[in-house]
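Have a look at the structure below before the remarks.
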Amino acid sequence: MREINISTRQRTELIDITSRVMSVLKEAGAKSGLCIVYVPHTTAGVIINENADPTVCQDILAGLERIAPLRGDYRHREGNADAHIKSSLVGSSVTVMVEDGRVRMGTWQGIFFCEFDGPRSRRVWVNWIPQPAGAA
Amino acid sequence: MREINISTRQRTELIDITSRVMSVLKEAGAKSGLCIVYVPHTTAGVIINENADPTVCQDILAGLERIAPLRGDYRHREGNADAHIKSSLVGSSVTVMVEDGRVRMGTWQGIFFCEFDGPRSRRVWVNWIPQPAGAA
Amino acid sequence: MREINISTRQRTELIDITSRVMSVLKEAGAKSGLCIVYVPHTTAGVIINENADPTVCQDILAGLERIAPLRGDYRHREGNADAHIKSSLVGSSVTVMVEDGRVRMGTWQGIFFCEFDGPRSRRVWVNWIPQPAGAA
């Protein structure tokens, strides 16, 4: 298991971590298998989406804000109930395939760390399970 | 890794691909382990839900449409910002267990490809990691 | 694969199953690898979120209720269309890392079974794939 450290700058923000995940796999000598990208926080998450046009990220954040607005009738007193809801919706991990030492994704896909209660110092854990020879 | 090709017919549509995933695993001789069903697109996704009553799929699509309507105040200029949001919410992959060469799911569960910006030609990637002997 | 049995008491409810998942892994002698916690139901789900302040769970359930209210203009006639939508949003499984026989999660994270159409008797399946020696 390897860790990626991220410093977020906004309260809500999507940060493309695809190349950092790739680097981790390369350094570790991962070949083929499944890779899990896991966020150990409860007010952040991770998604896979388009890494070409940055307006897509803005729309995703705005869409989540409409679903779970910062200001709302919440019971949790820390002012970040919306972040817990957003985190539950997008999820704490993504699973991607690794082939020949690289993450195999669609042409327009990237892995995005989702900050919902920043700015903060955050961590992402990367782990993978190798594909046994001849299994696929 | 094997690929399933799908031709969608509507802008938004849920397509049951359970039997196709099962066929892929059978052809590949998969026995026991974990299977990941991965969508390499940013305006589509995959879910597990009820495959008995088709009105459930209609309600899920309508529910997502209320959350992220086709027409909205979006910045992305391609007219499919809603599809990116929906894709981020449902996710790009599902993980299921494989036992004795079959996907093991609940009685009413099916695997559904989620088209959010069709009609299009789409792909689904199926991979699995075998359970080593004696591990579970 | 091991099964956890859960009796839910409310229509919608989040139940912390972290210690039960840990027990399953311990009993089975799991060491290191990936663990999948899978819900074989179509009106329930599973998330990872904060297990410290119970108001977080209340806010998450209330947030999902705003997104997919119990009473709505649904086609499915069983009165639980909202539960199918909620289940599709949060997902049917979570994947967590196992190290030294324990689930490795963030400080504040717990695994929560999500009941969206209770009270009912429910099941959760726990499976894991060991990390081969030297792989990470």
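The values are calculated or read from the model by the stated rules, or taken from the named source; none is laboratory data. What you see is a predicted model, and the numbers here were worked out from it, not measured in a lab. Note that we place each Cβ from the backbone using ideal geometry, even for glycine, and neighbour counts take in every protein chain shown. Side chains included, ligands, DNA and RNA excluded: accessible areas come from the protein's heavy atoms. Shrake-Rupley method; radii C 1.70, N 1.55, O 1.52, S 1.80 Å.
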Margin query: Can you pull out every residue in the stretch A:71-86 that is among the charged types (D, E, K, R) and either surrounded by 14 or more Cβ atoms within 10 Å (Cβ to Cβ) or closer than 10 Å to C:D59 by Cβ (or both)?
Written below: A:D73, A:R75, A:E78, A:D82, A:K86
Check: How about the stretch B:2-33: which of its residues are farther than 30 Å from B:R71 by Cβ, within 12 Å of the chain's Cα centre (by Cα) and among the hydrophobic types (A, V, I, L, M, F, W, C)?
Finding: B:I4, B:V21
Check: Only one residue in B:G101, B:G45, B:G33 is of a type in the set (G, A, S), in contact with a Gly (Cβ under 8 Å, 6 or more places away or on another chain) and closer than 25 Å to A:G91 by Cα, so which one is that?
Finding: B:G45
Next item on the list: Pick out the one residue from B:G91, B:G45 that is on the phi > 0 side of the Ramachandran plot, modelled with pLDDT of 95 or more and either in contact with a Pro (Cβ under 6 Å, 6 or more places away or on another chain) or of a type in the set (G, A, S) (or both).
Entry: B:G91
Item checked: Of residues in the stretch A:2-38 being modelled with pLDDT of 95 or more and polar (S, T, N, Q), the one farthest from A:D59 (Cα to Cα) -> A:S23
Next item on the list: Could you grab me the full set of residues in the stretch C:68-103 that are over 23 Å from B:V96 (Cβ atoms) and within 9 Å of another protein chain (Cβ to nearest Cβ)?
Entry: C:A68, C:G72, C:D73, C:Y74, C:R75, C:H76, C:R77, C:E78, C:A81, C:D82, C:E99
Next item on the list: Taking the residues in the stretch B:112-136 that are of a type in the set (A, V, I, L, M) and more than 10 Å from every other protein chain (Cβ to nearest Cβ) as candidates, determine which candidate is nearest to the chain's Cα centre (by Cα).
Entry: B:V124
Next item on the list: Examine the stretch A:32-42 for a residue that is open to solvent by 10 Å² or more (accessible area, probe 1.4 Å), farther than 22 Å from C:I111 by Cβ and among the polar types (S, T, N, Q), and state whether such a residue exists.
Entry: yes
Check: Which residues, counting only those in the stretch A:9-28, are more than 9 Å from every other protein chain (Cβ to nearest Cβ), open to solvent by 10 Å² or more (accessible area, probe 1.4 Å) and not in a strand (DSSP E or B)?
Finding: A:R9, A:Q10, A:R11, A:T12, A:T18, A:S19, A:R20, A:M22, A:S23, A:V24, A:K26, A:E27
Item checked: Close pairs from the stretch A:53-67: first more than 8 Å from chain B (Cβ to nearest Cβ), partner outside any helix (DSSP H, G or I) and of a type outside the set (F, W, Y), Cβ under 6 Å, at least 6 apart -> A:C57/A:L14; A:L61/A:T12
